[in-house]
Each structure stands twice: as structure tokens, then as C-alpha cells.
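As C-alpha cells, the structure follows; a few thoughts come after it.
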Amino acid sequence: MTTTHDDYPHPIPPIAYLRWKENYFFILMDPGADVFGILHFNNEPGFNRSRFTCNLAVRGKLYEYHGETALPADFEMARQLSDGKLTLRFVKAHQHFEVRLLSGEVEAELHFQAHFPTFDFSACATAAPELVSFREVSTLGYNLPYNHQQQALRVSGFVNYAGERIEINGAGYRDHSWVMRSDAGVAKHVWCGFVFPERAFGIKVLSSQARPGMTAREGYVSDADGARALRRIEVSLEGAGPDGMPASVVHDVTDVYGQRFVLRSSVAGRHGAVPLVSEAAPGRPAYRIVENFCPVSLDDSPERGIALVEIGASAALPA
């Protein structure tokens, strides 16, 4: 059937914004020093650009840095990415990464070193085939490239802020992805990393505007028994917390061997929070993300850890 509106320009579908990008995402969590932050290195050859972002919460004060350069000509297998102020150096693969920031207000040197081995989320597709994968949702079923890894880390170094040197001895993790993806097509997500003294988790849940009713779920646990995928993932947002966030987030998960874990993150009691500036397609509403640094408990045990609870939603959708 031919319609009158077929003669006019059509709505732009989310697939129009898919493109390849390589992301490095480092998380700093140090409750003792009261310093929390995210460091983001986003490289998009289709746009000939590399973006550099640092968002820090230092003793309750927010500091943001954003830089952009052309994609380096020597990007392939580079041992360092830098815009001249924010620098990521690959000291030893899967073991040691160094991040330096030198701007007018902040100087920082941070060493991210392996706490647990790197987990590759590609393992989730065969370990939990009944769960919808991120590749299926994010690339709209076209089997385009979607590679993502995560690793729990120990973080040391220092931050000089407002004339004071603050020593860092905390926890964190890193995400590394090289994917076809666009945040403009996402409806909402809860993407979390949990670090305990003896174990770590990475759990992500996402739905897209293009495929409503289909929710991607992937996750893992790593401890003395090794790394393994999660087979069941349920996430609940409970109560009303700060900045439109829930008061708490509960992850009820089971690994491939049938061991159950219940993680309770207190967003109401969070140590701090920073925004994450995400992309928006030209002329489209922005995608809103809040990074919540939260205390987290495990089951009914006395074990306590720290979590980054990242919550995002499209501004185009009802709150």
C-alpha cells in the first residue's frame, strides 16, 4: 500500500546510528580517600575522533574534564592513548594500566592493577543460551561485531586537587569493548560492577527502543573457584532515592553451577555519584546516565564490597 507519508522523509530508525567504536572505561572507588570517578577513552574511526573524559567526585566536589582529538594515525596496537592532558598507558596487558591527568585544576596518577582475571562476555552466549545477548539486542540481530571484556582491579596512586595531595588505595574495574553500537537506540539499562575482597561480579541488563520487550542480560562472577558466567539474572529497582534514582538495586543471580548470589546495593547510601555524558544522535533527546558508587552486601553474609551502579534511560521515554 502506498501512503501519503511515504512521499515525505521518514523517521530515522536506531540502526541508522550504529557504528564501530572501541571503548576503554576505568572505574576508581576509594571510600577511605573519599574519591570516586570514571575515566573514559572512546575511539570512533568513522568520525575520525578520540574522546577523553574524566569525571571525579573528590570529597563531595565534582570535577569534569572532556577532550577530543582526531583518531591517532598509529591507533592500531598503540601502547598509549592521549589528548595531551588525559593519558592511558598500557603497561602490561591484563595486568597493569596507568592513567594520568594533568589539567589546570587536577593532577592525577592512577595505577590500575589486576585483582581478578579479565572476563570475556562472549562466554555468556554458550553458558546461558536462553538469555538474550547484548550482541542480539545492540546490533539488531544482524550479528555485527560486539566484543566486551571486564576486569576487577586494585587502584593506587594520587590525586592533587585544590592544592591537596590525596593518596589513593582503592578498588575498581575496567571495561573494554570493540563493538558496533549506538547509545541513541537504547531505551534503558542497569550496568554494574561489584568488587569484594574475595570476589567480583559484572552484571549488565539492557533494552533497546528498536526491539521493545527484548531485554539483554549478561554477567559473571570471579572468585577462588575461577571465573564463570551467570545463567539467571534478575534485577530489581526498589524505593525512591537521590536524583531520581532508586533507593536500592537488588541483583538476584545464579551462576552456571547453580550457586545463587543476592547483591544489595544502597543507592540511598551511596558514597558519591558522577554523571556520564553519553552520545545523542543529532536532534534527538539525550541518553541520561548516572554513575552511583555504592556500598553493597552479599546475601545475608557479613561480606561487604563496593559497586558502581550505572543507571541509564533515554530522555525520549517516560521517566
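Within region 193-202, the set of residues being out of contact with any Ser or Thr (no Cβ under 7 Å at 6 or more places or on another chain) and crowded, with 24+ Cβ neighbours inside 10 Å comprises GLY193, PHE194, VAL195, PHE201, GLY202. Of everything in region 45-75 that's hydrophobic (A, V, I, L, M, F, W, C) and more than 18 Å from the chain's Cα centre (by Cα), which residue is nearest to HIS111 (Cα to Cα)? So, considering only residues that are hydrophobic (A, V, I, L, M, F, W, C) and more than 18 Å from the chain's Cα centre (by Cα), the one nearest to HIS111 (Cα to Cα) is VAL58.
Could you tell me whether any residue of region 172-193 is part of a loop (DSSP other than H, G, I, E, B) and either without any contact (Cβ under 8 Å) to a residue 60 or more places away in the chain or more than 16 Å from the chain's Cα centre (by Cα) (or both)? No, region 172-193 contains no residue that is part of a loop (DSSP other than H, G, I, E, B) and either without any contact (Cβ under 8 Å) to a residue 60 or more places away in the chain or more than 16 Å from the chain's Cα centre (by Cα) (or both). Residue check: is GLU64 within 17 Å of MET29 (Cα to Cα), out of contact with any helix residue (DSSP H, G or I) (no Cβ under 7 Å at 6 or more places or on another chain) and surrounded by 15 or more Cβ atoms within 10 Å (Cβ to Cβ)? So GLU64 fails the test. Tell me, which residue of region 1-44 that is at pLDDT 95 or above, over 20 Å from TRP191 (Cβ atoms) and surrounded by 12 or more Cβ atoms within 10 Å (Cβ to Cβ) is farthest from the chain's Cα centre (by Cα)? So, considering only residues that are at pLDDT 95 or above, over 20 Å from TRP191 (Cβ atoms) and surrounded by 12 or more Cβ atoms within 10 Å (Cβ to Cβ), the one farthest from the chain's Cα centre (by Cα) is ALA33.
Taking the listed residues GLU234, GLU303, the one that is within 21 Å of PHE119 (Cβ to Cβ), surrounded by fewer than 19 Cβ atoms within 10 Å (Cβ to Cβ), modelled with pLDDT under 95 and not hydroxyl-bearing (Ser, Thr, Tyr) is GLU303, with no other qualifying.
Take the residues in region 102-134 that are of a type in the set (Asp, Glu) and part of a loop (DSSP other than H, G, I, E, B), then tell me which one is modelled with the lowest pLDDT.
At the first step, the residues of region 102-134 found to be of a type in the set (Asp, Glu) are 105, 107, 109, 120, 130.
After this cut, where a residue has to be part of a loop (DSSP other than H, G, I, E, B) as well, the list is 105, 130.
Details: GLU105: 85, GLU130: 96.
Ranking the qualifying residues of region 102-134, first place goes to GLU105.
Taken together, LEU81, LEU88, LEU110 contain a single residue that is more than 26 Å from ARG181 (Cβ to Cβ) and either under 21 Å from the mean Cα position of the chain (by Cα) or among the acidic types (Asp, Glu) (or both), which is LEU110. Cβ-Cβ distances below 6 Å connect the following pairs, each with a first residue in region 298-319 that is within 22 Å of PHE25 (Cβ to Cβ), a second residue that is basic (Lys, Arg) and in a strand (DSSP E or B), and a separation of six or more residues or different chains: ALA313/LYS188; ALA313/ARG288; ALA315/ARG288. Starting from residues that are out of contact with any Leu (no Cβ under 6 Å at 6 or more places or on another chain) and within 30 Å of TYR65 (Cα to Cα), keep the ones in region 114-134 and report whichever is surrounded by the fewest Cβ atoms within 10 Å (Cβ to Cβ). Selected residue: PRO117.
The values are calculated or read from the model by the stated rules, or taken from the named source; none is laboratory data. From a predicted model like this one, the values you see are computed outputs, not experimental measurements. No Cβ is skipped: glycine too gets one built from the backbone with ideal geometry, and neighbour counts run over all protein chains shown.
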